[in-house]
Amino acid sequence: MATKVKPPSSLAIVLFIIGLASCAFLTFLGLIYLFNGSTLFAALFTIPVLVVLPLLTYSLVAMKTRKEAYKPRTPEFILLGLYLTAFIILFPFCFHALKIDALERNEIKATCSKRVEAITELQKEYNQAVTDSLNSLKNRAEALSGQLVKTRATYDSLNLLLGTSTFLQMSKESLEKYIQTAQNGIRQKYEMKDLDETARIFKDEAEVVFSNWEHLQTGLYYERTDSIFTMYKASAIKKMTLFQPQVQLPNDYNLASPISSLKSGPVSAILIVILIMLLIHFAILLPYISAGRQDGGLIIKSPPRETGGEGKISSAEPEIL
């Protein structure tokens, strides 16, 4: 006799739901970093996961438990191939989420802090360059003024340096007044008050986001660090053409690129995530794995047999072995 088909167990259904929820959550989290905290886009791209994976699993269960035992299994293999394709597509996003939030979270938090500190160091370097310029002006003016024999070229150099039109013999107090006026002009020329305030506000906000590891904001502020640093550096060089900052912005990670995250590894992290994802997808496919398959017993026709009375022959009844 044909074996009765065994439907998926209740435990298999429960594990399927847990596996599907885990896969969808990791995909959503990976997309959050990809879209710099946009929950709308992350949700739109996660919804197909909640549709495609259950549909494939349901179709596989239906194929496995069908009664036509000798139908070819090619459609079933095609569905398994489609599921494998879905696994490959989703893996980078899940890996990205697990790498950022579990495997290398402390290292990434440290990099985030260094990126904020790099903005502070850039400001310090620029302010030091301004201070050096002020000191250089003062030293040159005092050196020229202190020459025992002053030529016309000496006075012209002082006028050019201090922005004065005439420079006759003057007291030390008058010289200091001219130097201070010239220094104030340099300060005004190189001042970046608005950018300093923008950087200060951003750094305060970024430190809170990175310290609390706010998922919806972390990727956004990580990328904005680049914008603030680049904008401040460009403005500083534009104002002071000889300014050459030494500080560099750490770029050890790319939170907006799952592919870059996957390429950078390391291999150990990739293997760990593969194991985790295999367990998750095993749970999703458990209804298919645990479902019974129709054994397709052979159908054999019984020979016609005579019935009692008037020699009538009954029709043959098939027997299923």
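Here, each number is a calculation from the coordinates, and none is a lab measurement. Here the structure is a predicted model, which means the values were calculated and not measured. Positions of Cβ are backbone-derived with ideal geometry, glycine not excepted, and every protein chain shown enters the neighbour counts.
Percent of alpha carbon pairs in the stretch 1-140 separated by more than 18 Å?
Numbers: 6999 of 9730 pairs.
The answer is 72 percent, as a whole percent.
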Item checked: Over 18 Å between alpha carbons, listed pairs LYS189/LYS233; LYS124/LYS233; LYS177/LYS239; LYS124/LYS239 -> LYS177/LYS239
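Packing-wise, with mean Cβ within 10 Å as the measure, how do 79-88, 107-116 rank, highest first? Before the final figure, lay out each step's value.
Working: 79-88: 14.6, 107-116: 17.6.
Result, highest mean Cβ count within 10 Å first: 107-116, 79-88.
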Margin query: Kirkwood hydrodynamic radius, the stretch 173-240, all distinct C-alpha pairs: what's the number in Å?
Written below: 14.3 Å
